[in-house]
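Accompanying notes for the structure given below.
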Amino acid sequence: MKLVRYGNVGAEKPGLIDADGTLRDLSAHVTDIAGDTLSDAGLDAIRALDTATLPAVDGDPRIGPCVGNIGKFMCIGLNYSDHAAETGADIPKHPILFFKANSAVVGPNDPVVKPRGSTHTDWEVELGVIIGTAAKYVSEENALDHVAGYCIVNDVSERHFQTQLTGQWTKGKSCDTFGPTGPWLVTRDEVGEPQSLNMSLDVNGKRMQTGNTNTMIFSVAQIISHLSQLMTLHPGDVISTGTPPGVGMGMKPQPVYLNSGDKMDLWIDGLGQQSQTVLEDE
């Protein structure tokens with residue numbers, strides 16, 4: 001299934017995309033794409049509905065973040081071997097974890113706004129993982145059973161804030177609008193194997209990133225298992241699993257960063273497309 005949240009900011013409604021690509025409203029059956037709705041039982045209840053009887057949504061409404069009430073927005077750094085190589089970093093022995101503030105989360109096509117003083121705003125197409133059932137001390141073998149579905153995340157990053165303002169990466173990852181998420185939460189049964197997904201990102205129509213999840217250093221299952229040894233993962237938690245090569249800071253002979261008016265387009269196999277225009281905060 002492809003689950004969505006649509007409508008104005010803060011007033012998103014739950015929906016799904018049917019087999020014909022029509023957006024249909026789920027408001028009569030669930031309150032949000034969040035919490036218990038993400039459990040296996042909750043998803044099965046939606047699957048059991050006759051989608052043809054669900055109201056079709058007219059017009060072209062805004063698409064919001066594909067999961068509501070996110071508890072933790074966790075990100076894994078340097079998790080693609082080819083990306084680590086372009087940055088000159090060593091292969092990590094364990095998943096590198098940082099957090100993105102939930103206030104950074106926006107819809108997949110909402111503008112990305114550079115904060116005041118930003119000179120090094122960068123892009124990162126990533127596979128997002130949405131937890132569906134609580135995970136604590138889970139094995140790699142059982143880890144994917146705790147996944148509700150997958151989505152696209154643009155882990156927008158301000159590299160100067162990230163590396164020069166002292167402390168962890170969170171400062172450069174958490175600016176408002178730096179977490180476009182969606183358009184769809186695609187359930188794990190529809191995605192199948194998460195380690196063979198092509199992904200790409202264009203800036204102003206020029207291909208910048210091309211990759212595949214098969215070059216991840218730590219697989220989705222390994223990441224979930226590892227994190228679950230450290231903290232309980234709850235329904236609605238999001239894990240952004242790292243980016244392939246082609247980020248702006250890695251460009252040669254010199255880095256390339258985003259400017260006001262630039263347009264980013266992101267794709268991952270089966271998970272849809274994001275499109276964002278870059279603006280500048282006043």
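The values are calculated or read from the model by the stated rules, or taken from the named source; none is laboratory data. Source: prediction; values computed, not measured. Every residue, glycine among them, receives a Cβ derived from its backbone with ideal geometry; neighbour counts consider all protein chains shown.
Going by what's in this entry, would residue 59 be described as surrounded by 16 or more Cβ atoms within 10 Å (Cβ to Cβ), outside the structural domain of residue 216 (by TED's automatic domain parsing) and not in a strand (DSSP E or B)?
no
Of all residues in segment 1-49 being in contact with a strand residue (DSSP E or B) (Cβ under 8 Å, 6 or more places away or on another chain) and of a type in the set (Lys, Arg), which is nearest to residue 271 (Cα to Cα)?
2
I'd like the full set of residues that are closer than 21 Å to residue 110 by Cα, among the small types (Gly, Ala, Ser) and touching a strand residue (DSSP E or B) at 6+ places or on another chain (Cβ under 6 Å), limited to segment 245-269.
Within segment 245-269, 248, 260 qualify.
Suppose we keep only residues that are hydrophobic (A, V, I, L, M, F, W, C) and within 19 Å of the chain's Cα centre (by Cα) within segment 147-169. Which one would you say is modelled with the lowest pLDDT?
If we take residues in segment 147-169 being hydrophobic (A, V, I, L, M, F, W, C) and within 19 Å of the chain's Cα centre (by Cα), then 169 is modelled with the lowest pLDDT.
Restricting segment 257-281 to residues that are without any contact (Cβ under 8 Å) to a residue 60 or more places away in the chain and surrounded by fewer than 17 Cβ atoms within 10 Å (Cβ to Cβ), which is nearest to residue 160 (Cα to Cα)? Walk me through it before giving the result.
First pass over segment 257-281, keeping only residues without any contact (Cβ under 8 Å) to a residue 60 or more places away in the chain: 259, 261-262.
Subset that is surrounded by fewer than 17 Cβ atoms within 10 Å (Cβ to Cβ): 259, 261.
On the way: 259: 15, 261: 20 Å.
Ranking the qualifying residues of segment 257-281, first place goes to 259.
Suppose we filter 236, 167, 182 for residues that are surrounded by fewer than 18 Cβ atoms within 10 Å (Cβ to Cβ) and at positive phi; which single one remains?
167
Would you mind telling me which numbered condition in (1) in a helix (DSSP H, G or I); (2) within 18 Å of the chain's Cα centre (by Cα); (3) small (Gly, Ala, Ser) residue 84 fails?
For residue 84, the failing item is (2).
Quick one: would you say residue 210 is in a loop (DSSP other than H, G, I, E, B) and of a type in the set (Val, Ile, Thr)?
No; evaluated as a whole, the condition is false for this residue.
Can you find a residue in segment 67-88 that is on the phi > 0 side of the Ramachandran plot, without any contact (Cβ under 8 Å) to a residue 12 or more places away in the chain, in the same structural domain as residue 129 (by TED's automatic domain parsing) and surrounded by fewer than 21 Cβ atoms within 10 Å (Cβ to Cβ)?
Within segment 67-88, one or more residues are on the phi > 0 side of the Ramachandran plot, without any contact (Cβ under 8 Å) to a residue 12 or more places away in the chain, in the same structural domain as residue 129 (by TED's automatic domain parsing) and surrounded by fewer than 21 Cβ atoms within 10 Å (Cβ to Cβ).
Filtering segment 1-45 down to residues that are polar (S, T, N, Q) and more than 17 Å from residue 151 (Cα to Cα), which residue is surrounded by the fewest Cβ atoms within 10 Å (Cβ to Cβ)?
Taking the candidates together, the pick is 8.
Is it the case, given these coordinates, that residue 40 is among the charged types (D, E, K, R) and more than 30 Å from residue 218 (Cβ to Cβ)?
So residue 40 does not fit the description; no.
Which one is surrounded by the fewest Cβ atoms within 10 Å (Cβ to Cβ) among residues in segment 185-207 that are in a strand (DSSP E or B) and within 17 Å of the chain's Cα centre (by Cα)? Before the answer, list the steps.
Taking segment 185-207 and keeping what is in a strand (DSSP E or B), we get 185-187, 198-203, 206-207.
With within 17 Å of the chain's Cα centre (by Cα) added as a condition, the list becomes 185-187, 198-202.
Values: 185: 29, 186: 23, 187: 21, 198: 14, 199: 21, 200: 19, 201: 26, 202: 18.
Out of the qualifying residues, it is 198.
Considering only residues that are surrounded by fewer than 18 Cβ atoms within 10 Å (Cβ to Cβ) and part of a loop (DSSP other than H, G, I, E, B), which ones fall in segment 106-162?
Once the filter is applied, which keeps residues that are surrounded by fewer than 18 Cβ atoms within 10 Å (Cβ to Cβ) and part of a loop (DSSP other than H, G, I, E, B), segment 106-162 yields 109, 111, 115, 116, 117, 119, 134, 136, 137, 139.
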